[in-house]
Amino acid sequence: MTRILVLGGTTEASKLARVLAEAEIDAVFSYAGRTAQPVQQPLPVRVGGFGGTAGLVEYLAEDGISHVVDATHPFAAQMSRNVVEACAQAGVPLCAFERPPWQAGPEDAWLQVANIEAAVAALPDAPARVFLAIGKQNLAAFAAKPQHHYLLRLVDAPEADLPLPDCSVEIARGPFDEAGDLALMQHYGITHVVSKNAGGRGASAKLAAARSLGLPVVMIDRPRVPPRTTYGDLAEVMGWLFHTPAQPSSRA
Ligand code: 3Y8
Ligand code: NAP
């Protein structure tokens, strides 16, 4: 019996949800619960962590999951690590649906760094105006360079004080477009952009805007995740689902 768990939170996950719903394939869509009102999905949705690898193994059995598609963001490395371990323990087939990383073009002025700390170190000492388009979870590291003015883009209005003394906040949920990001960066007189190498089209607008403004981009490489079957294309994921036999579901 086929029952698919989609680990979501990306445009790829939402595309897969639409195809599974249209094909009336039994599936459940999972959010971590990082945002107040995540976009609706055409599948039943569950929200919140599973309780680590052990919690996920339990969930797979209780919910009778036959296949898992990890369509989380490339920076959701802990989730991706947990699901590789949980699916191996539970004997449930797993594939990742992940877009390829962005590559710098000839007109791009990227400084590629390994992680958030290296991104902070890559910023200049002289005060600058930095578009910190990496969401909310990794802002504290930038307090090491309080001399800059930071433009933050968050999905929800911050509940607590922000860790950066000199910052402006834009509340917006992507996907974003180049004209909008160009106007935003000109309005704030941005001199540097910090970005995660998310890939895909939902967050690449700021890179196109930086290119046309001739601004440097500090590009953070993806965290490492364990090897697993990975596709960048929806048709390949669907092919995998149809050609991978369902594990005997533990649900009667
Ligand atoms: C909760 C679900 C869809 C998915 C849309 C994609 C595109 C728009 C661009 C910038 C970069 C950033 C951030 C971003 C983008 C898509 C995609 C993508 C980047 C939502 C969503 C959830 C999240 C979580 C959120 C993080 C944050 C990261 C904002 C929904 C909107 C910066 C990543 O406030 C917080 O705590 C936000 C946390 C994790 C990174 C961070 O560390 O702060 N995404 N984003 C998911 C869950 O609970 O499971 O609310 O609808 C989904 C999307 N965000 O269905 O169309 O596919 O990447 N998301 C980054 O790339 O750097 C914004 O501003 O330029
Ligand atoms: P993370 O650091 O890899 O995961 C931390 C914990 O959050 C996981 O161990 C798990 O908790 C829970 N979790 C993460 N994704 C989940 C999901 N889809 N369903 C249920 N639980 C989930 O994850 P993150 O970077 O905070 O990302 C959280 C969500 O935001 C993901 O859905 C991701 O796709 C989306 N997102 C993240 C980014 C980003 O930049 N990180 C960008 C866009 C979208 P337990 O251990 O308790 O199971």
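Numerical summary
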quantity: Every residue from the range 1-17 that is within 17 Å of the chain's Cα centre (by Cα) and not hydroxyl-bearing (Ser, Thr, Tyr); calculated: 6, 7, 8, 9, 12, 13, 15, 16, 17
quantity: Per-region count, the range 99-115, residues within 21 Å of the chain's Cα centre (by Cα) and not in a loop (DSSP other than H, G, I, E, B); calculated: 4
quantity: Counted residues, the range 18-42 - those being open to solvent by less than 60 Å² (accessible area, probe 1.4 Å) and either within 16 Å of the chain's Cα centre (by Cα) or closer than 21 Å to residue 82 by Cα (or both); calculated: 9
quantity: In the range 59-74, the residues that are within 11 Å of ligand 2 (Cβ to nearest atom) and surrounded by fewer than 20 Cβ atoms within 10 Å (Cβ to Cβ); calculated: 59
quantity: Any chance residue 47 is away from ligand 1 (no atom under 16 Å from the Cβ), among the β-branched types (Val, Ile, Thr) and free of Cβ contacts under 8 Å to residues at least 40 places away in the same chain; calculated: no
quantity: Among residues of the range 1-53, those that are of a type in the set (Phe, Trp, Tyr) and part of a loop (DSSP other than H, G, I, E, B), counted; calculated: 1
quantity: From the options 96, 118, residue that is within 16 Å of ligand 1 (Cβ to nearest atom), in a helix (DSSP H, G or I) and either open to solvent by less than 50 Å² (accessible area, probe 1.4 Å) or aromatic (Phe, Trp, Tyr) (or both); calculated: 118
quantity: Residue 118 vs. criteria without any contact (Cβ under 8 Å) to a residue 24 or more places away in the chain, among the small types (Gly, Ala, Ser) and more than 9 Å from ligand 2 (Cβ to nearest atom); calculated: no
quantity: Residue satisfying all of: in the range 1-14; away from ligand 1 (no atom under 15 Å from the Cβ) and modelled with pLDDT of 95 or more; most open to solvent (accessible area, probe 1.4 Å) among these; calculated: 3
quantity: Inter-residue pairs, beta-carbon under 9 Å, first within 13 Å of ligand 1 (Cβ to nearest atom) and in the range 15-35, second basic (Lys, Arg), 6+ apart; calculated: 29/46; 30/46; 31/46; 34/136; 35/173
quantity: Enumerated strands (runs of 3 or more DSSP E) restricted to the range 124-213, each holding at least 1 residues that are away from ligand 1 (no atom under 13 Å from the Cβ) and farther than 23 Å from residue 101 by Cβ; calculated: 129-132, 149-154, 167-171
quantity: Flag if residue 55 is without any contact (Cβ under 8 Å) to a residue 24 or more places away in the chain and not hydrophobic (A, V, I, L, M, F, W, C); calculated: yes
quantity: Yes/no for residue 142 being out of contact with any Phe, Trp or Tyr (no Cβ under 7 Å at 6 or more places or on another chain), under 26 Å from residue 36 (Cα atoms), aromatic (Phe, Trp, Tyr) and within 16 Å of ligand 2 (Cβ to nearest atom); calculated: no
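Residue by residue, here is whether (1) open to solvent by less than 30 Å² (accessible area, probe 1.4 Å); (2) of a type in the set (Val, Ile, Thr); (3) modelled with pLDDT of 95 or more; (4) within 20 Å of residue 240 (Cα to Cα) holds:
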residue: 45; (1), (2), (3), (4): no, yes, yes, no
residue: 77; (1), (2), (3), (4): yes, no, yes, no
residue: 81; (1), (2), (3), (4): no, no, yes, no
residue: 86; (1), (2), (3), (4): yes, no, yes, yes
residue: 103; (1), (2), (3), (4): no, no, yes, no
residue: 107; (1), (2), (3), (4): no, no, yes, no
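This table checks each residue for (1) within 22 Å of residue 6 (Cβ to Cβ); (2) open to solvent by 50 Å² or more (accessible area, probe 1.4 Å).
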site	(1), (2)
203	yes, no
208	no, no
212	no, yes
224	no, yes
230	yes, yes
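The values are calculated or read from the model by the stated rules, or taken from the named source; none is laboratory data. The structure presented is a predicted model; accordingly, all values stated were derived computationally and were not measured. Positions of Cβ are backbone-derived with ideal geometry, glycine not excepted, and every protein chain shown enters the neighbour counts. The area values use the complete protein model at the heavy-atom level, side chains included, leaving out ligands, DNA and RNA. Shrake-Rupley method; radii C 1.70, N 1.55, O 1.52, S 1.80 Å.
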